[in-house]
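The values are calculated or read from the model by the stated rules, or taken from the named source; none is laboratory data. Worth saying up front: this structure is predicted, and the values here are computed from it rather than measured. Glycine gets a Cβ as well: all are built from the backbone with ideal geometry, and neighbour counts include every protein chain shown. Each accessible area value is taken on the protein alone, full model and side chains, heavy atoms only, with ligands, DNA and RNA left out. Shrake-Rupley method; radii C 1.70, N 1.55, O 1.52, S 1.80 Å.
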Amino acid sequence: MSGDFAPRGPESRMSNADRDLVIERLHVAVGDGRLSLEEFEERLNGVLESRTFGEVERFVHDLPGGPMSVTAPERSELRTTASSLKRRGRWVVPRLLLVTAKAGSVKLDFTDAVITQPVVDIELDVFAGSTVLVLPQGATVDIDNVELIAGSSRVSATMSAFPGAGHHFVIRGKQRAGNLVVRHRRRFWRWQW
């Protein structure tokens with residue numbers, strides 16, 4: 001199976017492309033001899049009738065490739081001192097993320113991250129370093145409760161105090177002696193950053 005599938009929350013609805021990836025996983029399993037043709041047909045019908053990642057889990061739970069749905073931790077903490085802190089690619093985002101950095105930069109890229117809840121709270125405690133948050137398309141952000149001390153903020157994402165249709169990020173805490181940048185992924189020709 002292709003590595004393009006990212007697990008989502010159990011209540012998240014599946015797209016046609018997500019369903020096709022699950023069907024491909026079943027095809028591989030029957031080709032490897034892990035499923036009989038009868039089991040394949042039964043599971044295929046179940047996948048086609050499933051609407052959410054949680055519903056489809058029971059048809060692939062015993063096959064290689066990992067779970068279809070993930071449960072994110074309620075809270076997680078990221079810390080750094082005198083070095084940079086980066087998260088990008090596929091990583092599971094908790095509901096509450098505590099970020100502590102002293103004399104180091106922070107860059108959290110949420111564009112390919114697994115976000116299982118509609119609202120993500122981020123508590124900053126950053127001193128002598130900059131913070132860059134790269135949000136997925138359609139996400140909104142609220143930075144009204146960030147205390148800026150000897151620094152500035154620049155937001156090129158949609159600012160909103162209330163959640164919209166996409167994910168909503170609520171940023172709180174302190175950004176001291178450094179800048180806070182909230183933006184979407186940038187693209188130029190074949191490059192992305």
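Looking across region 28-46, the residues that are hydrophobic (A, V, I, L, M, F, W, C) and assigned to a helix (DSSP H, G or I) come down to Val28, Ala29, Val30, Leu37, Phe40, Leu44.
Of everything in region 123-135 that is assigned to a loop (DSSP other than H, G, I, E, B) and open to solvent by 20 Å² or more (accessible area, probe 1.4 Å), the residue that is nearest to Leu108 (Cα to Cα) is Ser130.
Which members of region 159-175 meet the condition of being in a strand (DSSP E or B) and open to solvent by 80 Å² or more (accessible area, probe 1.4 Å)?
Start the filter on region 159-175 by keeping residues that are in a strand (DSSP E or B), which leaves 159, 168-175.
Matches in region 159-175: Met159, Arg172, Lys174.
Taking the conditions exactly as written (at pLDDT 95 or above and not aliphatic (A, V, I, L, M)), does Arg88 satisfy them or not? It is false that Arg88 is at pLDDT 95 or above and not aliphatic (A, V, I, L, M).
The conditions of being open to solvent by 20 Å² or more (accessible area, probe 1.4 Å), under 20 Å from the mean Cα position of the chain (by Cα) and of a type in the set (Ser, Thr, Tyr) are met by Ser76.
The residues of region 138-158 that are crowded, with 17+ Cβ neighbours inside 10 Å, under 20 Å from the mean Cα position of the chain (by Cα) and β-branched (Val, Ile, Thr), listed by number, are Thr140, Val141, Ile143. The residue that is most open to solvent (accessible area, probe 1.4 Å), among those in region 178-193 that are under 15 Å from Ile143 (Cβ atoms) and assigned to a loop (DSSP other than H, G, I, E, B), is Asn179.
With respect to the conditions (1) in a strand (DSSP E or B); (2) out of contact with any Lys or Arg (no Cβ under 6 Å at 6 or more places or on another chain); (3) within 16 Å of Trp193 (Cα to Cα), Leu108 falls short on a single one, namely (2). Pairs meeting the criteria (first residue in region 104-116 and in contact (Cβ under 8 Å) with a residue 40 or more places away in the chain, second residue open to solvent by less than 10 Å² (accessible area, probe 1.4 Å) and assigned to a strand (DSSP E or B), beta carbons under 6 Å, at least 6 apart or on different chains) are Asp109/Val134; Phe110/Leu135; Thr111/Val134; Ile115/Val93.
Rundown of residues vs (1) open to solvent by less than 20 Å² (accessible area, probe 1.4 Å); (2) within 24 Å of Leu135 (Cα to Cα); (3) touching a strand residue (DSSP E or B) at 6+ places or on another chain (Cβ under 7 Å), yes/no style:
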| site | (1), (2), (3) |
| --- | --- |
| Arg51 | no, no, yes |
| Glu55 | no, no, no |
| Val60 | yes, no, no |
| Pro64 | no, no, no |
| Thr71 | no, yes, no |
| Thr80 | yes, yes, yes |
| Leu85 | yes, yes, yes |
| Arg88 | no, yes, yes |
| Val92 | no, yes, yes |
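Taking each residue of region 17-30 that is among the charged types (D, E, K, R) and looking for partners that are part of a helix (DSSP H, G or I) with beta-carbon atoms closer than 8 Å, six or more apart or interchain, yields Asp18/Phe53; Arg19/Val47; Arg19/Leu48; Arg19/Val56; Arg25/Val60. If you take the residues of region 13-29 that are open to solvent by 40 Å² or more (accessible area, probe 1.4 Å) and not acidic (Asp, Glu), which of them is modelled with the lowest pLDDT? Only one residue fits best here, namely Ala17. For region 172-189, state whether one or more residues are closer than 25 Å to Glu74 by Cα, at pLDDT below 95 and touching a Ser or Thr at 6+ places or on another chain (Cβ under 9 Å). Taking every residue of region 172-189 in turn, at least one turns out to be closer than 25 Å to Glu74 by Cα, at pLDDT below 95 and touching a Ser or Thr at 6+ places or on another chain (Cβ under 9 Å).
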